[in-house]
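The block underneath contains the structure these notes are about, expressed in structure tokens.
The values are calculated or read from the model by the stated rules, or taken from the named source; none is laboratory data. Since the structure is predicted, the reported quantities are computational estimates derived from the model, not experimental observations. So basically every Cβ, Gly included, is an ideal-geometry build from the backbone, and we count neighbours across all protein chains shown.
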Amino acid sequence: MQLKKINPNLQQALAETGLTDPTDIQKECFGTLKSGADAVVIMSEGEGKSTTIAYTVIQKLEKAVGESTRALIIVKDKEAVLEMVDMIQRFGKYTNLRVIGVNDKTNIDDEKNIISAGMDVLIGTPNKINAMFSGAGFNMNTIKIYVVDDADELFKLRQEPIVQRLSMSIEKTQRLFFASQLTERIEILADKIMIDPFLFGVDDYEDEDDE
């Protein structure tokens, strides 16, 4: 994929999966996402939302480091967990990044043991991630990038408190919201937890009240 200063190994893996031409919004937001700035990215279906999350995380982490988790991705359900895990594994085939996906049906004790042994990317549903980090033993301050996918759908289900609580547990990180539409709930929480967030894709959408 022809993106400015993209990691060559990542670019090769993307090309091997047939991803060579970025969408306009992918080109527009890549530099900002790569820089570590907070952002809200609005992408309609077919614009590569999940793909953008996956390659942004890989670009940020590049390789396995230490034992502590460095990327946390919140997704809406089990299917989204499986999809994101698959993407990061395929796009990260030329890295040694370690990735695990968790959902409400998986075994939390087994997962904690796996993560404690060394993990780079943790993907999961809000309730499961909240349960994992509510107990002792995890240092959230190693998280370098915190992503919420389908933020519009999650916040409509009143998941903002979990997203905010997890964010407050991380001293310094890049915070990213991805959604198919910009809603008032997204704007409110972004203002609360992000530092001068950039907005992408909003020109094509009207703010909507999701009450």
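Below is a table of values for the structure above.
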| read-out | value |
| --- | --- |
| Strands (runs of 3 or more DSSP E) wholly inside region 45-157 containing at least 3 residues that are under 12 Å from the mean Cα position of the chain (by Cα) | 71-74, 121-124, 145-148 |
| When residues of region 1-26 are limited to those that are in a helix (DSSP H, G or I) and charged (D, E, K, R), the one surrounded by the most Cβ atoms within 10 Å (Cβ to Cβ) | Glu16 |
| Qualifying residue in region 10-26 (condition: under 30 Å from Asn139 (Cβ atoms) and among the acidic types (Asp, Glu)) | no |
| Extreme residue, surrounded by the most Cβ atoms within 10 Å (Cβ to Cβ), among residues of region 64-87 that are at pLDDT below 95 and of a type outside the set (A, V, I, L, M, F, W, C) | Thr69 |
| Residue in region 127-140 that is within 25 Å of Thr51 (Cα to Cα), crowded, with 20+ Cβ neighbours inside 10 Å, in contact (Cβ under 8 Å) with a residue 40 or more places away in the chain and not charged (D, E, K, R) present | yes |
| The lone exception for Asn113 - which of (1) touching a residue at least 12 places away in the same chain (Cβ under 8 Å); (2) polar (S, T, N, Q); (3) loosely packed, with under 13 Cβ neighbours inside 10 Å it fails | (1) |
| Long-range neighbours under 9 Å by Cβ, at least six apart or interchain, first residue closer than 14 Å to Val147 by Cα and in contact (Cβ under 8 Å) with a residue 40 or more places away in the chain within region 189-200, second buried (at least 16 other Cβ atoms within 10 Å of the Cβ) and of a type in the set (Phe, Trp, Tyr) | Ala190/Phe177; Met194/Phe177; Pro197/Phe177 |
